[in-house]
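Before I ask anything, here is the structure I am working with.
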Amino acid sequence: MPARRRLSRELADDLIGTRPAAAEPTITEATVAVDDDGAPVFAYLPAGEPQEVMALRRAVLRIRCEALSRAKGALNISRNFGFTPRRPVYGREGCQIGRLAAESPQEHRVLERWALLLERTLDQIDPSIVARDAQTMTQVDSSWRLGGGRLWTSGVINRSSALPYHRDRFNFSTWSAMPVLRRGIRGGYLALPEWGEVIACRDGWTLFFVGRQHVHGVTPMRTVQPDGYRFSVVFYALRGMKDCLSAAVETAYARQRRSQRERAMAARLAAGQPMLP
Ligand SMILES: [Fe+2]
């Protein structure tokens with residue numbers, strides 16, 4: 001399907017932070033959208049056999065999501081998975097696997113399996129996408145690839161979150177994959193205003209696109225069953241992982257940084273000096 005640009009990048013920038021209006025989906029069938037230069041813009045199709053979708057649903061429903069209050073008072077309920085970069089201000093001295101892997105190992109393994117499944121699907125859609133993105137990802141040490149694949153380092157599960165328009169500015173400019181699981185809920189479509197398209201995000205279907213490149217947001221949603229839900233499970237490549245050394249070196253580095261800090265704190269205590277935050 002040809003994709004026509006409706007909005008320049010600059011005009012799309014003005015939408016960032018605003019919320020998509022309710023709209024009916026324009027893309028409801030399996031689609032690979034291609035721009036005027038023949039470059040793919042997004043792909044939307046069912047990925048994974050029914051039993052794999054069932055395993056993903058079961059895993060996602062079991063994972064504990066956390067409420068994060070965002071700017072403007074909107075609540076986003078989500079859970080990160082995969083690898084996380086160094087964040088010394090949060091006491092994360094090294095790159096590491098996120099907490100979910102230890103908290104829900106079985107469910108995390110399902111997500112890792114899906115990383116490979118989605119990579120294979122993307123490769124079937126257009127092998128040149130995977131070849132180019134895998135080349136970009138050689139900037140990140142191979143210990144930080146979800147499921148031992150080539151493309152993604154990390155991901156997030158969003159629970160019924162009508163995210164405002166944004167670009168994924170913490171990611172590499174590589175393709176992300178977003179399977180959606182939903183029951184008893186209306187709306188929650190993915191709007192791509194630069195292309196004038198609204199993707200239906202059907203249960204068990206996956207949307208692929210470069211989230212850093214194209215402005216995107218989620219239309220309002222409304223449950224029509226008491227236990228209705230919409231989960232989007234986004235697989236992506238975090239640019240912060242570029243600065244990570246190999247997993248073995250990171251673990252040693254983190255241990256060394258922690259003990260350095262503990263020694264410094266002990267010294268301050270011994271000298272009767274106030275503790276630094
Ligand atoms: Fe995003």
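Which of (1) within 14 Å of the ligand (Cβ to nearest atom); (2) in contact with a helix residue (DSSP H, G or I) (Cβ under 6 Å, 6 or more places away or on another chain) is the odd one out, the single condition Leu192 does not satisfy?
(2)
Pick out the one residue from Arg186, Arg169, Arg230 that is open to solvent by 50 Å² or more (accessible area, probe 1.4 Å), within 16 Å of the ligand (Cβ to nearest atom) and either in the same structural domain as Arg145 (by TED's automatic domain parsing) or in a loop (DSSP other than H, G, I, E, B) (or both).
Going through Arg186, Arg169, Arg230 in turn, just one is open to solvent by 50 Å² or more (accessible area, probe 1.4 Å), within 16 Å of the ligand (Cβ to nearest atom) and either in the same structural domain as Arg145 (by TED's automatic domain parsing) or in a loop (DSSP other than H, G, I, E, B) (or both): Arg169.
Kindly indicate whether any position in region 257-267 is among the aliphatic types (A, V, I, L, M) and assigned by TED's automatic domain parsing to the domain that holds Arg132.
No.
List every residue pair whose Cβ atoms lie under 7 Å apart, where the two residues are 6 or more positions apart in sequence or sit on different chains, the first residue falls within region 229-240 and is under 19 Å from Gly149 (Cβ atoms), and the second residue, located anywhere, is of a type in the set (Val, Ile, Thr).
Val233/Val60; Val233/Ile157; Val234/Val156; Ala237/Thr153; Ala237/Thr174; Leu238/Thr153
Confirm whether Ser161 is among the small types (Gly, Ala, Ser), within 26 Å of Ser246 (Cα to Cα) and either touching a Ser or Thr at 6+ places or on another chain (Cβ under 8 Å) or in a strand (DSSP E or B) (or both).
no
For every residue, the table says whether it meets (1) surrounded by fewer than 19 Cβ atoms within 10 Å (Cβ to Cβ); (2) closer than 21 Å to Thr28 by Cβ.
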| site | (1), (2) |
| --- | --- |
| Ile199 | no, yes |
| Gly204 | yes, yes |
| Gln213 | yes, no |
| Pro220 | yes, yes |
| Arg239 | no, no |
| Lys242 | yes, no |
| Glu262 | yes, no |
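Looking at (1) within 16 Å of the ligand (Cβ to nearest atom); (2) open to solvent by 20 Å² or more (accessible area, probe 1.4 Å); (3) not basic (Lys, Arg), can you tell me which one Thr136 breaks?
Among (1) within 16 Å of the ligand (Cβ to nearest atom); (2) open to solvent by 20 Å² or more (accessible area, probe 1.4 Å); (3) not basic (Lys, Arg), the lone unmet condition for Thr136 is (1).
Can you name the condition, by its number, that Ala43 falls short on among (1) closer than 21 Å to His108 by Cβ; (2) touching a strand residue (DSSP E or B) at 6+ places or on another chain (Cβ under 8 Å); (3) open to solvent by less than 30 Å² (accessible area, probe 1.4 Å)?
(1)
Test of understanding: among Ala162, Ala131, which residue is free of Cβ contacts under 8 Å to residues at least 12 places away in the same chain and more than 12 Å from the ligand (Cβ to nearest atom)?
Step by step, each of Ala162, Ala131 is checked, and only Ala131 is free of Cβ contacts under 8 Å to residues at least 12 places away in the same chain and more than 12 Å from the ligand (Cβ to nearest atom).
The rows are residues; the columns are (1) touching a Leu at 6+ places or on another chain (Cβ under 7 Å); (2) surrounded by fewer than 17 Cβ atoms within 10 Å (Cβ to Cβ); (3) assigned to a helix (DSSP H, G or I); (4) at pLDDT 95 or above.
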| position | (1), (2), (3), (4) |
| --- | --- |
| Val60 | yes, no, yes, yes |
| Ala102 | no, yes, yes, no |
| Glu107 | no, no, yes, yes |
| Glu119 | yes, no, yes, yes |
| Ser128 | no, yes, yes, yes |
| Leu151 | no, no, no, yes |
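Given (1) within 11 Å of the ligand (Cβ to nearest atom); (2) under 19 Å from Ser78 (Cβ atoms); (3) not charged (D, E, K, R), where does Val215 come up short, assuming only one miss?
So the condition that Val215 fails would be (2).
Among the residues of region 5-26, is any surrounded by 12 or more Cβ atoms within 10 Å (Cβ to Cβ) and under 24 Å from Arg120 (Cα atoms)?
No, because not a single residue in region 5-26 is surrounded by 12 or more Cβ atoms within 10 Å (Cβ to Cβ) and under 24 Å from Arg120 (Cα atoms).
Same structure again: Taking the conditions exactly as written (touching a strand residue (DSSP E or B) at 6+ places or on another chain (Cβ under 8 Å) and either over 23 Å from Gly38 (Cβ atoms) or of a type in the set (D, E, K, R) (or both)), does Ala162 satisfy them or not?
Values: touching a strand residue (DSSP E or B) at 6+ places or on another chain (Cβ under 8 Å): yes; either over 23 Å from Gly38 (Cβ atoms) or of a type in the set (D, E, K, R) (or both): yes.
Here the answer is yes, as Ala162 does meet what is asked.
Read through the list (1) open to solvent by 60 Å² or more (accessible area, probe 1.4 Å); (2) closer than 19 Å to Met241 by Cα; (3) more than 16 Å from the ligand (Cβ to nearest atom); (4) without any contact (Cβ under 8 Å) to a residue 60 or more places away in the chain, then give the number of the only condition that Gln124 fails.
(2)
The values are calculated or read from the model by the stated rules, or taken from the named source; none is laboratory data. Worth saying up front: this structure is predicted, and the values here are computed from it rather than measured. With ideal geometry, Cβ positions are generated from the backbone for all residues, glycine too; neighbour counts draw on all protein chains shown. Accessible surface is based on the protein model in full, side chains and every heavy atom, while ligands, DNA and RNA are left aside. Shrake-Rupley method; radii C 1.70, N 1.55, O 1.52, S 1.80 Å.
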